[in-house]
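The values are calculated or read from the model by the stated rules, or taken from the named source; none is laboratory data. These figures come from a predicted structure and were not determined experimentally. Note that we place each Cβ from the backbone using ideal geometry, even for glycine, and neighbour counts take in every protein chain shown.
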Amino acid sequence: MQLDAKIPGGPLAEKWDRHRFELKLVSPANKKKFNIIVVGTGLAGGAASASLAELGYNVKTFCIQDSPRRAHSIAAQGGINAAKNYQNDGDSVWRLFYDTIKGGDFRAREANVYRLAQLSVNIIDQCVAQGVPFARDYGGLLANRSFGGAQVSRTFYAKGQTGQQLLLGAYGALSRQIKAGKVTMFPRREMMDLVVINGRARGIVTRHLITGEIETHAADAVVLCSGGYGNLFYLSTNAMSSNVSAAFRAYKRGAFFANPCFVQIHPTCIPVHGHYQSKLTLMSESLRNDGRVWVPKKPGDRRPPAEIPEEERDYYLENKYPSFGNLVPRDVASRNAKEQCDMGKGVGETGLAVYLDFSDAIARDGRKAIEKKYGNLFQMYEKITGENPYETPMKIYPAVHYTMGGLWVDYNLMSNLEGLFVLGEANFSDHGANRLGASALMQGLADGYFIIPYTIGGYLAGTVLEQVSTDHPEFVDAVSGVKERIDRLLKTNGHRTADEFHRQLGKILWDYCGMARNDEGLAKARQMVTELHQEFLEDVVIPGSAGDFNQSLEKAARIEDFFEFAPVMIDDALSRRESCGCHFNEAFQTEENEAKRDDEHGCHVAVWEYAGQNEPPVLHREPLVFENVELTQRSYK
Amino acid sequence: MKSINLTLKVWRQERGSDKGRFETYDATGISTDMSFLEMLDVVNERLTLEGKEPIAFDHDCREGICGMCGAMVNGYAHGHESGTTLCQLHMRHFSDGDTIVIEPWRSRAFKVVKDLVVDRSAFDKIIQEGGYISVNTGGAPDGNTIPVPQDVAEKAMDAASCIGCGACVAACPNGSAMLFVGAKISQFALLPQGRPEAKDRVLAMLNMHDELGFGNCSNERECEARCPKNISIVNIARMNREFIKAALLSE
Amino acid sequence: MQLVLRIIRTSIGKKLLMAFTGLCFCCFLVIHLAGNLSVYGGADTFNSYVNHLHSLGVLVHIAELALLVLAIVHIVTGTVLFIENLRARPVRYSVTRRSGGRTWGSATMPYTGFLILVFLVCHISWFIYAGREYQTVYQILTGLFSNPVVILLYCAAVLVVALHISHGFWSLFQTFGLNHNAYMPAIRALGIIFAVIVAMGFGTIPLYLGL
Ligand SMILES: Cc1cc2nc3c(=O)[nH]c(=O)nc-3n(C[C@H](O)[C@H](O)[C@H](O)COP(=O)(O)OP(=O)(O)OC[C@H]3O[C@@H](n4cnc5c(N)ncnc54)[C@H](O)[C@@H]3O)c2cc1C
Ligand code: FES
């Protein structure tokens, strides 16, 4: 099967302009005849809903939370990249493009990434016009910081709440369209299935989370912006309702899933401290600008940090990577922390933590300066752990953070299922095998504000769509499928809670399909997941009824999807015969224990097709062609 | 790790139309490292295994930014620690043997959905009246064409940090949402981009505030004291100025 | 017309009414107190002050009328706000706590306001029915304040007024939008000082006359 990414011809820098010119247009008068469904109100969904409504389309927008303003994008802290070169430090569209491609370990499409870098510039302008209170320099112009190991300062930020401010900007634009009657907002709705008619996505089935009602919505196109699936691991930095369900239901309806095993593990999170724990909190990456990472040299050294003399400390990142030191990319930093802990050098009660020490920075710049930069982060750390990071080093450990994998899309952000568009973290498109800091916000907004408004028009103008109503047999079928599934879940009436299963599933995946993987472990995990899934089907207990506000039921349904999805992810990890970016298979490493790519056999997108319940999914490969950059081994020495 | 035993008195209400009541539960062996929501998770897990319905409560990010969580804990919105959301309140601030009374936000504009879950869509309705700057996508000028003095940008940011949790309404003896509205009005009143619509914005948003049944501000300052993001009532004063300008002084 | 509606209908409009009338009463209190302090000059000084005041004739009546209108606006608006605020929380909390914002002054505004109204009615009727034809105002006062119960009630009323001011004074600045991080602490302090001055100023007079 040949996957057509529909990448326009011509030189890299002109592809998007050219494509925009070639795309068909829907005339202004006709736009109001089209109905579009947007699932999700994060940066991608919020921006898309508002922009499409402004153009004149009729938009129906759905989200799980009680308000569109609470989508998970709200939690992003650090910032958003843009190739503005306001700092005159040598940044350019090309450099942002190159950094992103290289950071992704050469597993993303050149054309997509270049377009992303181009559009980054417009995003900042748009957000400033919306009143996003970005940080400013003394002269009143926009401030930048360097982030995530970039060698230029291109990250725009609003305190430690950049995601919140960008999302509130998009939420404002969305609210304006709701008021104008162009967007109908459906909060507290969960998409339970995608409806495909004649090979095209034509609607969705949702559950009203308060009344339990199963509802149907028909449209001319469905835009999925449902975020990432990091919660698969149970413990992650993601919000509790982040899920794979929307994407996975689309997958079961025929949409292809790309690179499911590419999961980013963020190096600076507050470590796990108990079985009951529900969430891992991210400490912004910017902390690594001034904090020094170390562990005791001697394995099993249980002395408190202050009693460990300088010469008995191992500043392993600085020693191993003299030129980047503590600022190596996320995947490298994470893997090294795990390595140290595996050697028994980990600290804290569980031995699964390393120190991030600010004492040198405080001695050098003074407590005031550090407080100004990181005050709110230190406060948050103290709130959660009860320890004061000004006095004792922080303890950090990696945690699941972002999923580069997602539904496969072409250059138009359309899946192989016609009429199904996928934006934001839910698609796989731009970050390859590893995402650079501050580029997810950029991608979500580029997709929503500046790509979908064009490409959806191209699809709608170039396609003859028959009239479809929610009485169509496909809708009726989908509804009864959803109802049966809910009944089945509720009837199980076993002895273990859905959370308990989720915890176990997460642990299996974290241990065997996390920061470091090997074939044996993956095969074992595959087996364990299948067994646990079976137990889940027989032994889960879900109180309450279907026709009510039932959070246990919501959770259980999402966890069931995680159970079905996990094997696809494990298969993907097994089938990729190389290490790249976040995917580290121990069998493929350089002498210095770095990820070793195999550009001859691994230079592709792994694309999975659903083949039926209990059938192994089918793997397709979309080859990646690099015409503009040279593939090099990443080195941060 | 320390562990404590608590008695919870929790408001239980099947659905909005039902009459609710307090139920008492034991929360035993609670680690002091847990967050308040994790403590409720433990209780819920037990209730589920006993075949009872767990306590419904809203939550999502569990790191104090989405504004989804919130309840009255012993009479304090989000609990007694200041500058904290419920999900960031840790059990180390409670003592062994404590009795904790947990109630939903109470306001005419926030109806109870179930147990501790309330409907805060009133906030969305207020924002829809003008809590934005009317620009379409595309065509924005370069970001640096509008300089904003650093201190002004910071003030706007402080106002904009509202998470829309509703604690201000819950804590206000009058059930007023003026801190919420004032924060949004302030953000745009401060920024040059927001000035063109300032007049219509303040009138429309305040009209909606009143229409939805929120109470009137009488400067009790409880909102400011309980706001998890420490948003100041200076923002309410700024909104009042904007109102005076728009309603009384403009032509 | 639209202007009037905006003020009467909107929440902030009503608060502005409260603040404006409150401000007028604060000014009135200052003048009233200044006049009353002439008591310390003895019977003659005080009586001449009173006579001087009465010689203003129609001006006094205008002032009285204005005060009456202000009072009606303040009372009616206050009552409306009180009822609206009660209705904004139909189901009450079973446990309520203060977090440091609310003060005794702010929490009791509607009640102190009501008590002040009662006091005013007594205060004014005393003077109307006191029979000013055959005795001077100074005599009326000394007569009245020879009764310890009256002294006690009067002092209590003055304290209630002070409590009302302790919140009302700074609050009216906030309502007018005059809250600035740099000046607000001073304004709040001024409010307290003003309340104390009112309490001391008015409160010592009966003690001076009666004891
Ligand atoms: C703690 C943290 C910090 C981060 N910091 C940064 C940063 O500094 N810079 C950066 O660039 N990136 C950062 N990221 C990543 C970035 O925030 C996300 O990748 C991005 O916001 C995803 O946006 P989205 O619009 O794709 O999805 P989301 O914001 O996750 O939105 C998903 C939406 O889909 C809805 N939804 C999901 N499933 C369904 C369903 N079944 N039915 C109906 N609705 C559904 C949800 O309700 C929600 O509205 C961070 C992430 C985390 C977790
Ligand atoms: S759960 Fe998001 S703020 Fe508490």
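Have a look at A:G432, A:G514, A:G444 and point out the one that is at pLDDT 95 or above, on the phi > 0 side of the Ramachandran plot and crowded, with 19+ Cβ neighbours inside 10 Å.
A:G432
Please return the ranges of strands (runs of 3 or more DSSP E) entirely within the range B:89-159 where 2 or more residues are of a type outside the set (F, W, Y) and within 9 Å of chain A (Cβ to nearest Cβ). Write out each step before concluding.
Values: elements: B:99-103, B:111-114, B:117-119.
Qualifying strands (runs of 3 or more DSSP E): B:111-114, B:117-119.
So which of C:V50, C:V69, C:V60, C:V80 ends up being in a helix (DSSP H, G or I), of a type in the set (A, V, I, L, M, F, W, C) and touching a Lys or Arg at 6+ places or on another chain (Cβ under 8 Å)? It would help to see each step written out before you state the result.
Working: C:V50 fails: touching a Lys or Arg at 6+ places or on another chain (Cβ under 8 Å); C:V69 fails: touching a Lys or Arg at 6+ places or on another chain (Cβ under 8 Å); C:V60 fails: touching a Lys or Arg at 6+ places or on another chain (Cβ under 8 Å).
It is C:V80.
Determine which member of the set B:V181, B:V169 is over 20 Å from B:P104 (Cα atoms) and part of a helix (DSSP H, G or I). Full working, then the answer.
On the way: B:V169 fails: over 20 Å from B:P104 (Cα atoms).
Exactly one residue qualifies, and that residue is B:V181.
Being near ligand 1 (Cβ under 10 Å from one of its atoms) and modelled with pLDDT of 95 or more is the requirement here; does A:G148 meet it? So that I can check it myself, show each step before the final result.
On the way: near ligand 1 (Cβ under 10 Å from one of its atoms): yes; modelled with pLDDT of 95 or more: no.
For A:G148, the condition - near ligand 1 (Cβ under 10 Å from one of its atoms) and modelled with pLDDT of 95 or more - is not met.
Mind counting the residues in the range B:57-83 that are within 10 Å of ligand 2 (Cβ to nearest atom) and either more than 7 Å from every other protein chain (Cβ to nearest Cβ) or crowded, with 24+ Cβ neighbours inside 10 Å (or both)? Steps first, please.
Taking the range B:57-83 first, the residues within 10 Å of ligand 2 (Cβ to nearest atom) are B:57-70, B:78.
Now narrow it down to the ones that are either more than 7 Å from every other protein chain (Cβ to nearest Cβ) or crowded, with 24+ Cβ neighbours inside 10 Å (or both): B:57-62, B:64-70, B:78.
Looking only at that region, the number is 14.
Scan the range C:164-172 and give yes if some residue there is without any contact (Cβ under 8 Å) to a residue 60 or more places away in the chain and under 22 Å from C:K15 (Cβ atoms), otherwise no. Don't jump to the end; show me each part of the working.
Quick first cut of the range C:164-172, residues without any contact (Cβ under 8 Å) to a residue 60 or more places away in the chain only: C:164, C:170.
Next, from what is left, pick out any that are under 22 Å from C:K15 (Cβ atoms): C:164, C:170.
Scanning the range C:164-172, I find at least one residue that is without any contact (Cβ under 8 Å) to a residue 60 or more places away in the chain and under 22 Å from C:K15 (Cβ atoms), so the answer is yes.
Scan the range A:262-279 for residues that are within 13 Å of another protein chain (Cβ to nearest Cβ) and within 19 Å of A:M404 (Cβ to Cβ) and jot them down. So that I can check it myself, show each step before the final result.
Start the filter on the range A:262-279 by keeping residues that are within 13 Å of another protein chain (Cβ to nearest Cβ), which leaves A:269-279.
Once the filter is applied, which keeps residues that are within 13 Å of another protein chain (Cβ to nearest Cβ) and within 19 Å of A:M404 (Cβ to Cβ), the range A:262-279 yields only A:C269.
Quick check on this structure: which one of A:D99, A:D89, A:D66 is assigned to a loop (DSSP other than H, G, I, E, B), of a type in the set (D, E) and more than 14 Å from every other protein chain (Cβ to nearest Cβ)? Don't jump to the end; show me each part of the working.
Values: A:D99 fails: assigned to a loop (DSSP other than H, G, I, E, B); A:D66 fails: more than 14 Å from every other protein chain (Cβ to nearest Cβ).
None of the others qualify; the one that does is A:D89.
Among the listed residues A:M192, A:M185, identify the single one that is touching a residue at least 24 places away in the same chain (Cβ under 8 Å) and under 21 Å from B:A56 (Cβ atoms). Lay out the reasoning, then the answer.
On the way: A:M185 fails: under 21 Å from B:A56 (Cβ atoms).
It is A:M192.
Is it the case that A:F588 is modelled with pLDDT of 95 or more and surrounded by 22 or more Cβ atoms within 10 Å (Cβ to Cβ)? Full working, then the answer.
Details: modelled with pLDDT of 95 or more: yes; surrounded by 22 or more Cβ atoms within 10 Å (Cβ to Cβ): no.
No, not satisfied.
Find the residue count for the range B:13-29, including only residues that are of a type in the set (A, V, I, L, M, F, W, C) and touching a Lys or Arg at 6+ places or on another chain (Cβ under 6 Å).
Looking only at the range B:13-29, we keep the residues that are of a type in the set (A, V, I, L, M, F, W, C), and these are B:22, B:27.
Then drop every residue that is not touching a Lys or Arg at 6+ places or on another chain (Cβ under 6 Å), which leaves B:22.
Going through the range B:13-29 one residue at a time, the tally reaches 1.
Can you pull out every residue in the range A:102-132 that is part of a helix (DSSP H, G or I), at pLDDT 95 or above and closer than 24 Å to A:P329 by Cα? Give the steps one after another, and end with the answer.
Applying the first criterion (part of a helix (DSSP H, G or I)) to the range A:102-132 yields A:102-103, A:110-129.
Adding the requirement that they be at pLDDT 95 or above leaves A:110-129.
Scanning the range A:102-132 gives A:E110, A:A111, A:N112, A:V113, A:Y114, A:R115, A:L116, A:A117, A:Q118, A:L119, A:S120, A:V121.
To keep it simple, each residue is scored yes or no on (1) of a type in the set (A, V, I, L, M, F, W, C); (2) under 27 Å from B:G139 (Cα atoms).
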{"residue": "A:F428", "(1), (2)": "yes, no"}
{"residue": "A:H431", "(1), (2)": "no, no"}
{"residue": "A:L436", "(1), (2)": "yes, no"}
{"residue": "A:G444", "(1), (2)": "no, yes"}
{"residue": "A:P453", "(1), (2)": "no, yes"}
{"residue": "A:L460", "(1), (2)": "yes, yes"}
{"residue": "A:V468", "(1), (2)": "yes, no"}
{"residue": "A:E474", "(1), (2)": "no, no"}
{"residue": "A:D477", "(1), (2)": "no, no"}
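Hey, A:F147 hits all of (1) in a loop (DSSP other than H, G, I, E, B); (2) over 21 Å from the mean Cα position of the chain (by Cα) but one; which does it fall short on?
The single condition A:F147 does not satisfy is (2).
Hey, does the range B:213-231 have a residue that's assigned to a helix (DSSP H, G or I), over 16 Å from the mean Cα position of the chain (by Cα), facing another protein chain (nearest Cβ under 7 Å) and surrounded by fewer than 24 Cβ atoms within 10 Å (Cβ to Cβ)? Before you say what the answer is, go through the steps one by one.
Within the range B:213-231, the first condition is being assigned to a helix (DSSP H, G or I), and the residues that meet it are B:222-226.
If we keep only those that are over 16 Å from the mean Cα position of the chain (by Cα) too, we end up with none.
For the range B:213-231, residues assigned to a helix (DSSP H, G or I), over 16 Å from the mean Cα position of the chain (by Cα), facing another protein chain (nearest Cβ under 7 Å) and surrounded by fewer than 24 Cβ atoms within 10 Å (Cβ to Cβ): absent.
Looking at the structure I just gave you, is B:A198 within 10 Å of chain C (Cβ to nearest Cβ), farther than 23 Å from B:C69 by Cβ, of a type outside the set (K, R) and surrounded by fewer than 21 Cβ atoms within 10 Å (Cβ to Cβ)? If you could, list the steps in order and put the result at the bottom.
Values: within 10 Å of chain C (Cβ to nearest Cβ): no; farther than 23 Å from B:C69 by Cβ: yes; of a type outside the set (K, R): yes; surrounded by fewer than 21 Cβ atoms within 10 Å (Cβ to Cβ): yes.
Considered against the rule, which asks whether it is within 10 Å of chain C (Cβ to nearest Cβ), farther than 23 Å from B:C69 by Cβ, of a type outside the set (K, R) and surrounded by fewer than 21 Cβ atoms within 10 Å (Cβ to Cβ), B:A198 comes out as no.
Condition first: under 23 Å from the mean Cα position of the chain (by Cα) and either at pLDDT below 95 or not hydrophobic (A, V, I, L, M, F, W, C) (or both). Now tell me which residues in the range A:568-579 satisfy that. Full working, then the answer.
Taking the range A:568-579 first, the residues under 23 Å from the mean Cα position of the chain (by Cα) are A:568-576, A:578-579.
Passing the criteria: A:D571, A:D572, A:S575, A:R576, A:E578, A:S579.
The conditions are (1) of a type in the set (G, A, S); (2) more than 13 Å from chain C (Cβ to nearest Cβ); (3) over 26 Å from A:A76 (Cα atoms), and B:S35 fails exactly one of them. Which is it?
Here B:S35 meets the rest and fails (3).
In the list A:A363, A:A399, which residue meets the criterion of being assigned to a helix (DSSP H, G or I) and among the hydrophobic types (A, V, I, L, M, F, W, C)? Walk me through it before giving the result.
Numbers: A:A399 fails: assigned to a helix (DSSP H, G or I).
Just a single option satisfies the conditions, and that option is A:A363.
So which residues in the range A:15-44 are farther than 17 Å from A:G458 by Cβ and in contact with a helix residue (DSSP H, G or I) (Cβ under 9 Å, 6 or more places away or on another chain), if there are any at all?
Within the range A:15-44, the first condition is being farther than 17 Å from A:G458 by Cβ, and the residues that meet it are A:29, A:32, A:35, A:37-44.
Answer for the range A:15-44, where residues must be farther than 17 Å from A:G458 by Cβ and in contact with a helix residue (DSSP H, G or I) (Cβ under 9 Å, 6 or more places away or on another chain): A:V38, A:V39, A:G40, A:T41, A:G42, A:L43, A:A44.
State whether one or more residues within the range A:213-223 are surrounded by 24 or more Cβ atoms within 10 Å (Cβ to Cβ), more than 13 Å from chain B (Cβ to nearest Cβ), closer than 17 Å to A:V422 by Cβ and touching a Lys or Arg at 6+ places or on another chain (Cβ under 6 Å). Outline the logic, then answer.
Going residue by residue through the range A:213-223, those that are surrounded by 24 or more Cβ atoms within 10 Å (Cβ to Cβ) are A:221-223.
Filter once more, so that each one left must be more than 13 Å from chain B (Cβ to nearest Cβ): A:221-223.
The next check asks that each one be closer than 17 Å to A:V422 by Cβ; those that pass are A:221-223.
Then keep just the ones that are touching a Lys or Arg at 6+ places or on another chain (Cβ under 6 Å); that gives none.
Checked against the condition, which is being surrounded by 24 or more Cβ atoms within 10 Å (Cβ to Cβ), more than 13 Å from chain B (Cβ to nearest Cβ), closer than 17 Å to A:V422 by Cβ and touching a Lys or Arg at 6+ places or on another chain (Cβ under 6 Å), the range A:213-223 yields no hits at all.
Looking at A:G56, A:G46, A:G42, A:G79 in this structure, which one is within 13 Å of chain B (Cβ to nearest Cβ) and near ligand 1 (Cβ under 6 Å from one of its atoms)? Let's see the steps before the verdict.
Details: A:G56 fails: near ligand 1 (Cβ under 6 Å from one of its atoms); A:G46 fails: near ligand 1 (Cβ under 6 Å from one of its atoms); A:G79 fails: within 13 Å of chain B (Cβ to nearest Cβ).
The unique qualifying residue is A:G42.
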